[in-house]
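Only one structure is covered here, and it is reproduced in the block below.
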Amino acid sequence: MALSIIVMGAAGRMGSTIARLVAEAEDLTLAAVLERPEAEDRLQSFKASGALVSSDISTVLPACPGAVIIDFTSPEASLATARAGAEHGNPVVIGTTGFSDEQLAELDALAEKHLIFRSANMSVGVNVIMDILPRLTALLGDAYDVEMMEIHHNKKKDAPSGTALLLADPLLKAKGLTRDNINTNRFDVREPRRHAEIGIQSLRGGDVVGVHTVYYMGPGERIEITHQAHSRENFANGALRAARWISSMQPGRVYTMQDVLHS
């Protein structure tokens with residue numbers, strides 16, 4: 001039986017890509033697409049596939065029991081989606097970035113009893129890089145300074161990107177640091193680079209989907225590890241992979257793409 005999918009923000013860049021791929025997949029059914037009332041008319045083409053079109057998730061979920069909800073919208077909207085999914089028993093896959101600590105804590109609490117998946121980056125490549133960074137950091141040691149640069153399109157609101165922070169976490173852990181040791185602004189600094197820090201610089205412009213580079217800079221050499229996303233289908237396919245995976249899991253905590261890759 002095909003797995004039913006509900007796509008939030010289906011008129012957006014990520015949402016429209018996900019909805020299209022769901023409609024094309026043989027093992028998935030596009031159960032519903034949702035968007036803000038002022039953009040709802042842009043979703044009418046999905047009605048031909050039998051999908052419900054709405055701006056109100058509370059009216060959709062009773063008609064879509066068990067459907068996996070995929071949300072790449074905003075922190076506030078995604079949190080509301082998670083609450084609704086928990087109330088109706090629908091698994092939720094979240095690719096939104098920019099959550100506050102309080103919002104993440106609420107997602108953690110919801111995940112104790114309800115299926116919630118959240119990843120700042122759904123691509124296989126980024127998650128594989130996350131796996132190799134701790135080993136590389138340990139091998140190179142303190143003689144190599146670690147910095148990062150990320151580039152995104154000019155519509156992206158948060159900086160550093162969620163993916164940059166996702167990549168920073170294993171680096172920080174390997175060096176015995178925390179996110180308090182991330183430096184995103186050296187504009188007014190008149191001192192040498194501190195040893196116990198990782199710098200992240202953000203560029204915004206054009207229609208860049210996403211580029212992340214980790215730099216290891218040591219005596220007489222530099223190592224660069226770069227991931228370039230050439231299209232949003234990369235992230236969308238990862239979200240669909242996550243939806244297929246989480247539908248057979250049990251609640252208990254927020255799952256991530258690392259869980260999918262290592263299962």
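In the range 235-244, of all residues being within 18 Å of G125 (Cβ to Cβ) and either assigned by TED's automatic domain parsing to the domain that holds L136 or hydrophobic (A, V, I, L, M, F, W, C) (or both), the one that is surrounded by the fewest Cβ atoms within 10 Å (Cβ to Cβ) corresponds to L240. If the condition is being touching a residue at least 24 places away in the same chain (Cβ under 8 Å) and buried (at least 18 other Cβ atoms within 10 Å of the Cβ), then the range 52-73 contributes I57, V60, L61, C64, A67, V68, I69, I70, D71, F72, T73. The selection criterion, being in a loop (DSSP other than H, G, I, E, B) and among the acidic types (D, E), holds for D207.
The residues listed here are E26, E112; of these, the one that is touching a residue at least 40 places away in the same chain (Cβ under 8 Å) and either surrounded by fewer than 17 Cβ atoms within 10 Å (Cβ to Cβ) or closer than 25 Å to M249 by Cα (or both) is E112.
Picking from L167, L110, L136, which residue would you name as being under 15 Å from the mean Cα position of the chain (by Cα), among the hydrophobic types (A, V, I, L, M, F, W, C) and part of a helix (DSSP H, G or I)? On inspection, the qualifying residue turns out to be L167. Has the range 172-189 got any residue that is loosely packed, with under 15 Cβ neighbours inside 10 Å, at pLDDT below 95 and closer than 30 Å to R83 by Cα? No, the range 172-189 has no match at all. Taken over the range 92-106, the criterion of being crowded, with 17+ Cβ neighbours inside 10 Å and either over 11 Å from Y255 (Cα atoms) or in contact with a Gly (Cβ under 6 Å, 6 or more places away or on another chain) (or both) is satisfied by V92, G95, T96, T97, G98, F99.
Answer with yes or no whether I129 is under 27 Å from E24 (Cβ atoms) and in contact (Cβ under 8 Å) with a residue 40 or more places away in the chain. No; evaluated as a whole, the condition is false for this residue.
If you go through the range 48-73 and keep only what is modelled with pLDDT under 95 and either under 20 Å from K156 (Cβ atoms) or assigned to a strand (DSSP E or B) (or both), you end up with L52, V53, S54. When the test is whether a residue is in the same structural domain as G205 (by TED's automatic domain parsing) and part of a helix (DSSP H, G or I), D158 does not pass it.
R118 fulfils the conditions (1) closer than 21 Å to H262 by Cα; (2) at pLDDT 95 or above; (3) touching a Pro at 6+ places or on another chain (Cβ under 9 Å) except for a single criterion, (3). I'd like to know if the range 234-256 contains one or more residues that are part of a strand (DSSP E or B), over 20 Å from L136 (Cβ atoms) and of a type outside the set (S, T, N, Q). Checked against the condition, which is being part of a strand (DSSP E or B), over 20 Å from L136 (Cβ atoms) and of a type outside the set (S, T, N, Q), the range 234-256 yields at least one hit. Within the range 190-204, the set of residues being part of a loop (DSSP other than H, G, I, E, B), in contact (Cβ under 8 Å) with a residue 40 or more places away in the chain and surrounded by 10 or more Cβ atoms within 10 Å (Cβ to Cβ) comprises just one member, R193.
The values are calculated or read from the model by the stated rules, or taken from the named source; none is laboratory data. Quantities reported herein were computed from a predicted structural model and do not represent experimental measurements. As a convention, Cβ positions derive from the backbone with ideal geometry for all residues, glycine included, and neighbour counts pool all protein chains shown.
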